[in-house]
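Nothing in this text is a laboratory measurement; each read-out follows from the coordinates by a stated rule. In this text the structure is predicted, and so the values were computed from the model without any measurement. Counting neighbours? That spans all protein chains shown, and the Cβs are built from the backbone with ideal geometry, glycine included.
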Amino acid sequence: MDTHIIEPGQILHARWGYDQTNATFFKVLARRGQWVVIQPLSTEEAWRGDTMTGTATPSAKLDGKPIRRKVRGNGNWEAIKVKSYMYASPWDGEPVRISCYA
C-alpha cells in the first residue's frame, strides 16, 4: 500500500510488547475529519518451529466492538493511538514479524 493516510476500508496494524512482539490488526470502518471508527480483526499467526519467532497477518473475521479514535499525523503520514502502549498505522500487506518469550 503506497499511502500512509488512513481511509475507510484500510487495514491498520500495531506492533507492541515487552520481552515479545505482538501484532494487532484493525479495519477502518469510517472516517469523519480527524476521527476514525475502527474494529479489531482476528490475527492469524504462523510460528517457525521452536525459534519463538513468526509472522502475523489479519483475518477477515471481526473480533470485538468498534472503537473511535483520533487520527494523528502531519498529512503525509498518519497513525492512531489505540491504547497507551499501542499506535496503529496503515498496513503494507506484508506479514508482520512477531516473537514470543518462553
Highest-fluctuation residue, Arg69, Arg48, Arg15 considered, GNM on the chain with Cα pairs under 10 Å:
Arg48
For labels at Tyr101 and Lys70 in the simple 7 Å Cα→Cβ model, what's the distance in nm?
3.2 nm
What is the log10 of I(q)/I(0) for the range 11-91, computed with the Debye formula using one identical point scatterer on each Cα and no solvent, at q = 0.15 Å⁻¹?
-0.56
Cα→Cβ-extended label distance, 7 Å offset, between Val37 and Glu7, nm:
2.0 nm
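Neighbouring Cβ atoms within 10 Å as the yardstick, rank His4, His13 fewest first. The partial results should precede the final answer.
Numbers: His4 15, His13 21.
Ordered from fewest to most neighbouring Cβ atoms within 10 Å, His4, His13 come out as His4, His13.
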Run a plain Debye calculation on the range 50-102 (Cα atoms as equal point scatterers, no solvent) and give log10 I(q)/I(0) at q = 0.16 Å⁻¹, rounded to two decimals, same order as the q list.
-0.72
Just to confirm my numbers, what's the Cα centroid distance between the range 1-56 and the range 88-102 in Å?
7 Å
Compute, for the chain, the length of the dipole vector about the Cα centre, with Cβ point charges of +1 (Lys, Arg) and -1 (Asp, Glu) only. Units Debye, rounded to 20.
640 debye
Arrange the following residues from fewest to most other Cβ atoms within 10 Å of their Cβ: Ser89, Ser59, Ser84.
Ser84, Ser59, Ser89
